[in-house]
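Reviewing the structure listed below.
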Amino acid sequence: MLKVHFVANTRAGRVVWLLEELGLEYEVNIMPFTKEGLKSPEHRARHALGRVPVLEDGEISIFESGAIIDYILERHKNGGLKPSADDVNFPYYLQWYHYCEGMVMPPMNQIVVQTLLLPPDRRDETVLNQAKNLLTKSLAPVNENLSGKDYLIGDFSAADIMLGHSCFMANRFGCVSDEMEHIKQYVERIAERAAFQKAISLGA
């Protein structure tokens, strides 16, 4: 059975969300967001840097949320969530799937560092504001693309699991302005999905 090593409010939520959407059976190892949990010898054997998510599938153990999602879709897909290569939306699926880690997550990572991970005396307000501004700029094309669409390529796909999860978290951080009404509505649609609700509440 598939097993996900998971910490709440991290990219590991994407993996659980996908598994729930596909109706696949899985186990979850809910770990604390602590040095003792993530940097333990046991977990470092799964991921040398002590990060999540990690997926185990029999003798296979892989990390990186995007790689895990691709792996599940190719090896265990039950309903798709990915257009075929000859589909007119396939190029745009790839674009938004990778836009997440390429453009949205780098400034979001910096926001997490400056607001949650660093002690107050080491935080830099200038760096934080720069990251927030960059995140807002990075979300602008997403907002424009969602005009007239329920999801990134029209129908719900794994691109929404990647980028939609990030949009939800960016909204939580207060980095989605009211002017980005399409993302606001998009986040609301995502939050109504039962599979997402399961993933976002796990370990909370």
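Here's the yes/no breakdown for (1) assigned by TED's automatic domain parsing to the domain that holds M31; (2) at pLDDT below 95; (3) in contact with a helix residue (DSSP H, G or I) (Cβ under 6 Å, 6 or more places away or on another chain); (4) within 18 Å of S65 (Cα to Cα):
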position: A140; (1), (2), (3), (4): no, no, no, no
position: S147; (1), (2), (3), (4): no, no, yes, no
position: I161; (1), (2), (3), (4): no, no, yes, yes
position: S177; (1), (2), (3), (4): no, yes, no, no
position: M180; (1), (2), (3), (4): no, no, yes, no
position: K198; (1), (2), (3), (4): no, no, yes, yes
position: A204; (1), (2), (3), (4): no, yes, no, no
Task: Subset tally (residues that are of a type in the set (G, A, S) and surrounded by fewer than 22 Cβ atoms within 10 Å (Cβ to Cβ)) for region 1-26 - done: 2
Task: strands (runs of 3 or more DSSP E) wholly inside region 1-97 that include at least 2 residues being in contact with a Lys or Arg (Cβ under 8 Å, 6 or more places away or on another chain) - done: 26-30, 54-57, 60-63
TODO: Could you grab me the full set of residues in region 1-22 that are hydroxyl-bearing (S, T, Y) and within 12 Å of Y71 (Cβ to Cβ)?
DONE: none
TODO: Any chance you could count how many residues in region 98-137 are among the basic types (K, R), without any contact (Cβ under 8 Å) to a residue 24 or more places away in the chain and either part of a helix (DSSP H, G or I) or touching a Lys or Arg at 6+ places or on another chain (Cβ under 6 Å) (or both)?
DONE: 2
Task: Failed criterion for L134 (all others in (1) among the aliphatic types (A, V, I, L, M); (2) surrounded by 21 or more Cβ atoms within 10 Å (Cβ to Cβ); (3) over 22 Å from G13 (Cβ atoms) hold) - done: (2)
Open item on the list: Tell me whether region 83-104 contains one or more residues that are modelled with pLDDT under 95, surrounded by fewer than 18 Cβ atoms within 10 Å (Cβ to Cβ) and within 19 Å of the chain's Cα centre (by Cα).
Closed with: no
Open item on the list: Could you go through region 27-43 and let me know if any residue there is surrounded by fewer than 20 Cβ atoms within 10 Å (Cβ to Cβ), modelled with pLDDT of 95 or more and in contact with a helix residue (DSSP H, G or I) (Cβ under 7 Å, 6 or more places away or on another chain).
Closed with: yes
TODO: Working only within region 138-172, note down all residues that are farther than 28 Å from V16 by Cβ and either touching a residue at least 24 places away in the same chain (Cβ under 8 Å) or crowded, with 22+ Cβ neighbours inside 10 Å (or both).
DONE: A140, E144, S147
TODO: Taking A140 as the residue in question, decide whether it is assigned to a helix (DSSP H, G or I), among the small types (G, A, S) and under 26 Å from I30 (Cβ atoms).
DONE: no
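The values are calculated or read from the model by the stated rules, or taken from the named source; none is laboratory data. Being a predicted model, the structure only gives us computed values, none of them experimental. Positions of Cβ are generated from backbone atoms using ideal geometry, with glycine treated the same way; all protein chains shown enter the neighbour counts.
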